[in-house]
Structure formats: structure tokens, C-alpha cells
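Readers should treat all values here as calculations from the given coordinates under stated rules, not as data from a laboratory. Note that the structure is a prediction, hence the values are computed from the model and not measured. Glycine also receives a Cβ, built like all others from the backbone with ideal geometry; neighbour counts cover every protein chain displayed.
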Amino acid sequence: IKCNNKFNKQNPCYILDDQPYCRQDYHIVNHTICQICDTYIEGECLENDKMERFHVHCLTCLLCKEVIRSNYFIFNGNIPICGRHDIDQLVKDGIIEFDTSSPSTPQHDSPKNTKNTVEKRRTRLLNF
């Protein structure tokens, strides 16, 4: 990746493998863009076994909204779920979301006859 940016105090130069990059290109080449918020990662981040990286505060469980900092599950291909939940029951019944007008009223968003899938993701903490 080569851009025509001129480096100065407002546009610093980043070096990777002895090559200069602007900030945007450096993070693209270095794979340090958060998969959730799509912004640069500088400092601590989480990386899963698929080499996806996230800010430590961005990866949250859909069900309990807690930040995920360890191994977790991906429900139906893209929904992060922490290990605090009964995964076998989720596969059987589907995700239960709460109506925003009444937090105590569960609603199924996937019918029981839909084939639900779960994949385990291993994570580690990195620092860039």
C-alpha cells in the first residue's frame, strides 16, 4: 500500500518491516483495525483464533452486554456470546432478546426449527 501523504507533525510516519506508512495504511497492513468499531487499535487488544482483533472494550456479549476478555462463542456465524450462558440451550431454542420497552419480557428471534450453530473462539490479550 502506497499513498501520497506527506509526513509531518500532524501526519506521523509509522514504520513496519522497515517501510514507512501513514497511519491508515500502517493499520491496514498490520491488521490492527478493530473488527467491531472499524477504528485503529493502539495499545491492548483481543485477538481470536481467526486472527480477528478487537479493542478490549468493543467485544461484548449480545445477551448480558458484558465485555468478553476470554474464550467465547459465535452464535449463528456472527453473534458473540460469553461463556456464562447455557450454550446447549441457545442452540436448541435460539437467541432470546429482551424487548427494550419491558426488559423482563423475553422474545425468541429464531424459531426452534431453525438450525442454530455455535463455534468456540479462543482469545488472547495483545499489546500494540
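Using a 10 Å cut-off on Cβ atoms, rank the peptides 43-51, 55-63 from the highest mean neighbour count down.
Sorting 43-51, 55-63 by mean packing, highest first, produces 55-63, 43-51.
Going by average Cβ neighbours within 10 Å, how do the peptides 7-13, 115-121, 27-33 rank, with the highest at the top? Please report the intermediate quantities before stating the final value.
Working: 7-13: 9.1, 115-121: 13.1, 27-33: 15.7.
Answer by packing, highest mean first, reads 27-33, 115-121, 7-13.
Which entries in Lys9/Lys50; Lys50/Lys115; Lys6/Lys65; Lys9/Lys65 show an alpha-carbon gap greater than 31 Å?
Details: Lys9/Lys50 36 Å; Lys50/Lys115 23 Å; Lys6/Lys65 42 Å; Lys9/Lys65 39 Å.
Result: Lys9/Lys50; Lys6/Lys65; Lys9/Lys65 exceed 31 Å.
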